[in-house]
Amino acid sequence: MATLGSSLAPTSSTLALSEIRPDKDWFRFSGRHPLAALLVTGFVATQTTTMIGFFMPVIGLPVLNWPLDNGHIGAPGTAAGSAGQYFVGQFMHYLNGFAFILIFALLAYSKLPFRDTNLGNFLKAQAFCVILSIISAGFLVPLIYSPGKGMGFFSFGHGWKLPFAILLWHLIFGLHIAALYNPGRVRRLQLEDRAAADAAG
């Protein structure tokens, strides 16, 4: 008769916690379905960082409501702050997120001067997103989203908090990209899997 101790004892079919690696499963999926993985990365990075933008006042920074800002541009005929304006802006915002991850992966990644390591991958994503923050603070916010509102040079017209919030937002966006998009790690994992298959066969 089985006892409690025997029922809890590890068996050959028991998977050790150290062997449960969802990160490896994700990068294996990325290697098999690179475009799908890019789209998932764009969605996760955009969604998570957008939510963080709403809570910037918690750390004393201005709220960054990119969906509403985009809605001012994409649906100018709707009432300011309306649900219609917000959802049009949200749609545009997600398109931007997907576009940026594709630009990063297909055009910018190989041009950025960092080594093919996990740290190098992180630095590539951060460098790309610093460029995005410069475009945002230097062009989009003062000239497109808030023209004539005294935003000034690189959005410093009302102090340092807005440009710093924009930079921080984009660095967090880059952190999510680096966590989910790592072609060097995909290649290294594929080599490990091939070596393990050869050794087993």
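Brief remarks follow.
- Residues considered: GLY184, GLY138, GLY157, GLY148. Of these, the only one that is on the phi > 0 side of the Ramachandran plot and at pLDDT below 95 is GLY148.
- Exclusive hit being under 20 Å from the mean Cα position of the chain (by Cα), under 13 Å from LEU64 (Cβ atoms) and in a helix (DSSP H, G or I), set LEU168, LEU162, LEU123: LEU168
- When region 103-117 is filtered for residues that are in contact (Cβ under 8 Å) with a residue 60 or more places away in the chain and surrounded by 15 or more Cβ atoms within 10 Å (Cβ to Cβ), the ones remaining, listed by number, are PHE104, ALA105, TYR109.
- Those residues of region 118-130 which are touching a residue at least 12 places away in the same chain (Cβ under 8 Å) and surrounded by fewer than 20 Cβ atoms within 10 Å (Cβ to Cβ), in sequence order: ASN118, GLY120, PHE122, GLN126, ALA127, VAL130
- Residue check, GLY184 touching a residue at least 12 places away in the same chain (Cβ under 8 Å), surrounded by fewer than 17 Cβ atoms within 10 Å (Cβ to Cβ) and either assigned to a loop (DSSP other than H, G, I, E, B) or among the small types (Gly, Ala, Ser) (or both): yes
- Hey, LEU38 more than 23 Å from PRO163 (Cα to Cα), buried (at least 17 other Cβ atoms within 10 Å of the Cβ) and at pLDDT 85 or above or not: yes
So that you can scan it fast, the table gives a plain yes or no per residue for (1) at pLDDT 95 or above; (2) over 15 Å from the mean Cα position of the chain (by Cα); (3) of a type in the set (A, V, I, L, M):
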{"position": "GLY31", "(1), (2), (3)": "no, yes, no"}
{"position": "GLY71", "(1), (2), (3)": "no, yes, no"}
{"position": "ALA79", "(1), (2), (3)": "no, yes, yes"}
{"position": "GLN85", "(1), (2), (3)": "no, yes, no"}
{"position": "HIS93", "(1), (2), (3)": "no, no, no"}
{"position": "SER110", "(1), (2), (3)": "no, yes, no"}
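- Residue list for region 71-89, restricted to those being in a helix (DSSP H, G or I), out of contact with any Ser or Thr (no Cβ under 8 Å at 6 or more places or on another chain) and free of Cβ contacts under 8 Å to residues at least 60 places away in the same chain: GLY74, ALA83, TYR86, PHE87, GLY89
- Of all the numbered requirements in (1) in a helix (DSSP H, G or I); (2) farther than 30 Å from VAL186 by Cβ, ASN96 misses one, and that requirement is (2).
The values are calculated or read from the model by the stated rules, or taken from the named source; none is laboratory data. Remember, predicted model here, so these are calculated numbers, not experimental data. Cβ: placed from backbone, ideal geometry, glycine included. Neighbour counts: every protein chain shown.
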